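Asker: Here you go, one structure.
The values are calculated or read from the model by the stated rules, or taken from the named source; none is laboratory data. Just so it is clear, the structure is predicted and the values come from calculations on it, not from any experiment. Because the Cβ atoms are built from the backbone with ideal geometry, glycine has one as well, and the counts that use them run over all protein chains shown. Quick note on the areas: whole protein, heavy atoms, side chains included, nothing else; ligands and nucleic acids left out. Shrake-Rupley method; radii C 1.70, N 1.55, O 1.52, S 1.80 Å.
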Amino acid sequence: MATPSVKPTPLSPPLKDELDIVIPTIRNLDFLEMWRPFFEQYHLIIVQDGDPSKTIRVPDGFDYELYNRNDINRILGPKASCISFKDSACRCFGYLISKKKYIFTIDDDCFVAKDPSGNDINALQQHIKNLLTPSTPHFFNTLYDPYREGADFVRGYPFSLREGAPTAVSHGLWLNIPDYDAPTQLVKPLERNTRFVDAVMTIPKGTLFPMCGMNLAFDRELIGPAMYFGLMGDGQPIGRYDDMWAGWCMKVICDHLGLGVKTGLPYIWHSKASNPFVNLKKEYNGIFWQEKAIPFFQSVSLPKDCTTVQQCYLTLANEVKAKLGELDPYFVKLADAMVTWIEAWDEVNSPGKKPAKLPNGTSK
Amino acid sequence: MSLEVKDDEIDIVVAAIHSDLTSFMNEWRPIFSRFHLIIVKDPDLKEELKIPEGFNLDVYKKSDIDRVVGSSTSILFSGYSCRYFGYLVSRKKYIISVDDDCLPARENDGFLVDAVAQHITNLTTPATPFFFNTLYDPYCEGADFVRGYPFSLRSGVKCALSCGLWLNLADHDAPTQALKPGHRNSRYVDAVLTVPARALAPISGINIAFDREVVGPAMLPALRLAGEGKFRWETMEDIWSGMCVKVICDHLGLGVKTGLPYVWRNDRGDAIASLKKEWEGVKLMEEVVPFFQSVRLPRTATTAEDCVVEVANAVKEQLGSTDPVFARAAGAMLDWVKLWKSVGSSASS
């Protein structure tokens, strides 16, 4: 058989020019080497936390822009106060500065996992599938995501609900080191997540969940302004609740706007267990405060005339100040920061605005 | 299997839609043989039942049903609904019910799935309906609550219902299966999870288990399609019962789990032929779902019986005039509660 004289054009990776990968880092980005086959075609936004004078080395061949604290301060001016310092919560600056429709965010200690057949899992591709197919928040399908190949709606699922809702968020999971809180880590230091659950499912409307920012993707146009990761880290009384806070706000707003949130696949391999004693100090206040925060989020209702994410978020900020402010002055600060965040978001993302960034990274 | 639950606390109830149960019983023998079984013969079935030896069981036929419930009831214990008669006369705490066209499934590593043990584990570990755990069942070995899960909710609530799944012929409706006649479920999802409070789901009767003491009265035969037949594609009785149970569990603060165990469901029937009959069910769901999403039970309803009466009254009021099938369902629900109180004792022997 004759060999073809022209190599077939490789298919373009899905959403290549519509998705940014946001990575917060303080150390290095060596982990990207393992992700190269899956990430190399996509644009990266690196948010460098900690000492801005340190140089973060990005492996060759990646197309990226990098922001350190000096950049954040320069771009946002006084509004930079809403972006956390010395905490991976700073990653939400990457969401704000992006110009793309979709965001995938991953931690720098997360690697490619293998499925039960031993194949490498392309986490990004699965997130894209999750985001590009509808969710089913109004009625639970017992065979999980009905839009997945090999699945469908079960008997009794109303036909009028089978078009589903647009998917705003895709929440992935982790093999190896599970995302436990400090007390659980202390009690079960050796527990590893080895269970591969081959499912994606929609979290029903009205149900809250702990959103982990380690392996997360979302439609920035649908829900971006709600993905503020709060005030954590340096100078703050709390840490390791950035993604939790964003998740509760996000879910309330998604429920209000009729958007869906999926959880399950893809898995990544989480390699690093952080120090449980350090974690305990960070989480300490959060453990008590969440007992009040959860009932707050479960009962908050947004008025019908809140039709944009920003409107919903600002209403939420008011409610946080009014209802949680008495719990601790931190929540008053947080509510103000939530407002600052929306102002910063709208300023940076207003149509016709000249891009304020000065990318450190070089294009390929 | 939980060490705390004794074999004699469990009844396995099977609705015999087919007369020859030989291969069904033999395939399930390794799992079923230590338990007491209640076999209820579909009153419409003419042939004698064929049941292999070696089981501890009671068989109930049309004559038994007539004798126990009499003729003064609007409930028809025919077709798949004959299983509810088994639930009524059982005196055990836990009931596990499997359709007679289902066999034990095999896990990915080839081991036979002990559906009974898994259902019992589900029912005897807490459920977590108030907050979603992203690692699914936190009481499972190798899993736990994730960061951000409120500590005050970690003791969970009692699990009243365990809904299993199906490999091979999954429980799709006739239109779906007719469109994809070759579609078979081969995906084994290794998870049990709690269906969150206020979230509704279609609860299939094909592979189900429940705590009879707690929700027995809410597992009820009520919605009978005009063209109801002997294939699941031609019924909605379990879906209706499942909606009632979920609403009642949400009200009483009980949990409903879904996921493992799987059973293997044999190929049977013709989806296209069933399409004609089930279309009625598909249409009715459009009325049924908004009703169950909005029904609210009063604080004074504190038992499953009370709740069933409240739901029945709401059905009569809000759906009765939409379609006579709903008025009949409401009547059947009230008759069921009366029957439960007189025949079905809530205490286990």
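Asker: Report the label-to-label distance for residue A:114 and residue A:191 in nanometres (one decimal), using points 7 Å from each Cα along the Cα→Cβ vector.
Answerer: Distance between the two pseudo-spin positions: 2.5 nm.
Asker: Taking all protein chains in place and a 1.4 Å probe, what share, in percent, of the accessible surface of region B:9-346 do carbon and sulfur account for? Walk me through the numbers before you get to the answer.
Answerer: Numbers: 6110 of 11830 Å².
The nonpolar share, carbon plus sulfur, comes to 52 percent.
Asker: Would you calculate a helix-derived [θ] at 222 nm for chain A, using -39,500 (n - 2.57) for each DSSP H run of n ≥ 4 and dividing by the full residue count, to the nearest 500?
Answerer: Details: 10 runs with 114 residues, N = 364.
Taken over chain A, the calculation gives -9500 deg cm²/dmol.
Asker: Could you list, bin by bin from short to long, the percent of Cα-Cα pairs of region A:130-186 in 10 Å steps?
Answerer: Pairs per bin, as whole percents: 20, 39, 22, 16, 3.
Asker: Skip the ligands, DNA and RNA, and give the accessible area per residue of region A:19-349 with a 1.4 Å probe, whole Å². Let's see the in-between values first.
Answerer: Values: 11470 Å² over 331 residues.
About 35 Å² of surface per residue is accessible.
Asker: When ranked by the protection proxy of mean other Cβ atoms within 10 Å per residue, highest first, what sequence do the peptides B:169-177, B:326-334 form?
Answerer: B:169-177, B:326-334
Asker: Could you run the Debye sum over the Cα atoms of region B:1-54, one equal point scatterer each and no solvent, and tell me log10 of I(q)/I(0) at q = 0.14 Å⁻¹, two decimals?
Answerer: -0.42
Asker: Roughly how many percent of the accessible protein surface of region A:19-349 is carbon and sulfur, given a 1.4 Å probe and a whole-percent answer? Kindly include the intermediate steps, with their values, before the conclusion.
Answerer: On the way: 6060 of 11470 Å².
C and S fraction of accessible area: 53 percent.
Asker: Further, regarding this structure: Let me make sure I get this right: for region B:261-349, a, b and c are the square roots of the gyration tensor eigenvalues over alpha carbons, sorted descending. Under 1.5 in a/c it's rounded, otherwise prolate if a/b > b/c, else oblate. Which is it?
Answerer: Working: a/c = 2.13, a/b = 1.32, b/c = 1.61.
Note, shape of region B:261-349 comes out oblate.
Asker: Another question, then. Check each residue of region B:119-136 and keep those whose accessible area, probe 1.4 Å, is at least 20 Å² smaller with all protein chains in place than in the chain alone; give them in order of residue number.
Answerer: In region B:119-136, residues shielded by partner chains: B:130, B:131, B:132, B:134, B:135, B:136.
Asker: Another question, then. Using 0.36 nm per residue of separation minus the Cα-Cα distance, give me the extension gain between residue B:73 and residue B:273 in nm, one decimal. Mind dumping the intermediate values first?
Answerer: On the way: separation 200, 0.36 × 200 = 72.00 nm, distance 3.16 nm.
Contour length minus Cα-Cα distance gives 68.8 nm.
Asker: Still on this structure, please answer the following. Please calculate how many Å² of accessible area region B:9-346 carries per residue, with a 1.4 Å probe and no DNA, RNA or ligand atoms counted. Let's see the in-between values first.
Answerer: Values: 11830 Å² over 338 residues.
On a per-residue basis, region B:9-346 sits at 35 Å².
Asker: Once the dipole of the protein assembly as shown is set up with Lys and Arg at +1 and Asp and Glu at -1 on Cβ about the Cα centre, which of B:248, B:199, B:113 lies farthest towards its positive end?
Answerer: Value computed over the given set: B:199.
Asker: Report the calculated FRET efficiency for residue A:12 and residue B:26 (r = Cβ-Cβ distance, R0 = 60 Å), to the nearest 0.05. Write down the numbers at each step before the final one.
Answerer: Details: r = 55 Å, r/R0 = 0.92.
Rounded to the nearest 0.05, the efficiency is 0.60.
Asker: Shifting gears a bit: Would you mind checking the pairs A:99/A:282; A:188/A:272; A:205/B:316; B:62/B:276; A:16/B:180; A:114/B:180 and listing those with alpha carbons more than 21 angstrom apart? Before the final figure, lay out the partial values.
Answerer: On the way: A:99/A:282 33 Å; A:188/A:272 15 Å; A:205/B:316 28 Å; B:62/B:276 28 Å; A:16/B:180 33 Å; A:114/B:180 31 Å.
Beyond 21 Å between Cα atoms: A:99/A:282; A:205/B:316; B:62/B:276; A:16/B:180; A:114/B:180.
Asker: What quantity of accessible surface, computed with a 1.4 Å probe and excluding non-protein components, is buried in total between chains B and A, in Å² to the nearest 100? Could you put the intermediate results ahead of the total?
Answerer: Working: alone 15290 and 17210 Å², together 27510 Å².
Separately minus together, B and A give about 5000 Å² buried.
Asker: As a test of understanding, state the convex hull volume per residue of the protein assembly as shown from its alpha carbons, in Å³. All intermediate terms of the calculation are to be shown ahead of the outcome.
Answerer: Values: hull volume 132.0 nm³, N = 713.
It comes to 185 Å³ per residue, whole-number rounded.
Asker: Which residues, if any, in region A:202-228 have at least 50 Å² less accessible area in the whole protein complex than in the isolated chain, probe 1.4 Å?
Answerer: A:207, A:210
Asker: OK, next. At 20 °C and a viscosity of 1.002 mPa s, what translational diffusion coefficient does Stokes-Einstein give for region B:9-346, taking Rh as the Kirkwood radius over Cα pairs? Give it in µm²/s as a whole number.
Answerer: Numbers: Rh = 20.3 Å.
Translational diffusion coefficient: 106 µm²/s.
Asker: Moving on. Sum up the charges of everything whose Cβ sits under 10 Å from the Cβ of residue B:58, counting Lys and Arg as +1 and Asp and Glu as -1, but leave residue B:58 out.
Answerer: Numbers: positive: none; negative: B:11, B:64.
Here the count lands on -2.
Asker: Using a Gaussian network model on chain B with a 10 Å cutoff between Cα atoms, which of B:186, B:241, B:81 fluctuates the most?
Answerer: Among B:186, B:241, B:81, the largest GNM mean-square fluctuation belongs to B:186.
Asker: So how far apart, in nm, are the two label points at residue B:168 and residue A:34 if each is 7 Å from Cα heading toward Cβ?
Answerer: Result: 4.0 nm between the two label points.
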